[in-house]
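What follows draws every value from the coordinates through simple rules; no lab data is involved. Since the model is a prediction, treat every value here as computed from it, not as a measurement. Glycine also receives a Cβ, built like all others from the backbone with ideal geometry; neighbour counts cover every protein chain displayed.
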Amino acid sequence: MPLSGIAMNDVVQVLVQYGYVVLFAFVLVEQIGLPIPSVPVLLGVGAVAGGGRMSLALALGVVLAASLPPDLVWYRLGRRRGSRILGLLCRISLEPDSCVRRTENLFTRRGRKALLIVKFFPGLSTLASTLAGMVGVARWQFIVLDGLGAMMWAGTWMGLGYVFSDALELVASKVSYLGGYVLVIFGAALAAYIAIKFIRRQLFFRSLRIARITPDDLKRRLDAGDGDLAVIDTRSALDVETAPYAIPGAIWIAAEEIDQRHSEVPRDREIVVYCT
């Protein structure tokens, strides 16, 4: 038997013997918030199930058992800590300029139904659970919607693996033939991705340090009636709803509406923008 066939058999045997454990671990880690994708495992489990060596129903149960507990923890933290937790998640995100905004916009457009589809967007599931707690989604509604969302997400990817099991086995055999080179390529690609995101993050923070005013300085100028100053509140509608406080005299223009409402931005004054 060719080496590739042996390697492929080894991969299949691992999934057959430990597939549910591997699936549980990957889904759990991703839902905790670490950037470890579980989609390849979902596809692999679906492909093995296509050969009759795993149960899709049992795999869906494993996904639900792995995803619901961490989601409930983030939901509870959002309910109790709110903006502090979002601030923490934004600080550790590789994309601090958009980590929360995309999830808030999704919630604004879809409401609590966003929980049904948010797992299809990498990196947003943790934020969505926290936001659900912040906006007051009832616990039972969160459990139902989050559970259905997990089943739809996992079912879609495992279903694709099931339908295209022959094609996935062919790809896996090619990967097995390349052996360690695949790990090197994957590791290099992952390192490059993280490096690019980290550099962008540092440039973003540097731009904030270049053009920034402290809250004390801003308050002092506002208290003094500085007519050369205009404050723009760029928070999303969801931010305003959950924390209905604003700097006196600030003009509320959500960040995504600036292009449409640019005529409302004063041209003859110094502009201070805040988003939290």
For a label point 7 Å along the Cα-to-beta-carbon line of VAL29, residues of segment 109-133 with backbone N under 20 Å:
119-127
Modelling each spin label as a point 7 Å along the Cα-to-Cβ direction, I'd like the ALA57/THR156 distance in nm, to one decimal.
2.5 nm
So what are the ³J(HN,Hα) numbers for segment 139-154, from phi and the Karplus equation (6.51, -1.76, 1.60; θ = phi - 60°), rounded to whole Hz, Gly and Pro as x?
4, 5, 5, 4, 4, 5, 5, 5, x, 5, x, 5, 5, 5, 4, 5
Would you mind ranking SER129, SER38 so that the residue whose beta carbon has the fewest other beta carbons within 10 Å leads the list?
SER38, SER129
With θ set to phi - 60°, apply the Karplus curve 6.51 cos²θ - 1.76 cosθ + 1.60 along segment 56-69 and write out the HN-Hα couplings as whole Hz, x wherever there is a Gly or Pro.
5, 4, 5, 4, 5, x, 5, 4, 4, 5, 7, 8, 5, x
Spin-label pair ILE36/ARG80, simplified geometry with 7 Å Cα→Cβ offset, distance in nm
2.5 nm
Amide H to amide H, which residues 5 or more places from ILE251 or on other chains are under 5 Å from it, using H placed in the peptide plane?
VAL231, ILE232, ASP233
What list do you get for THR126, THR234 if you sort them by fewest beta carbons within 10 Å?
THR234, THR126
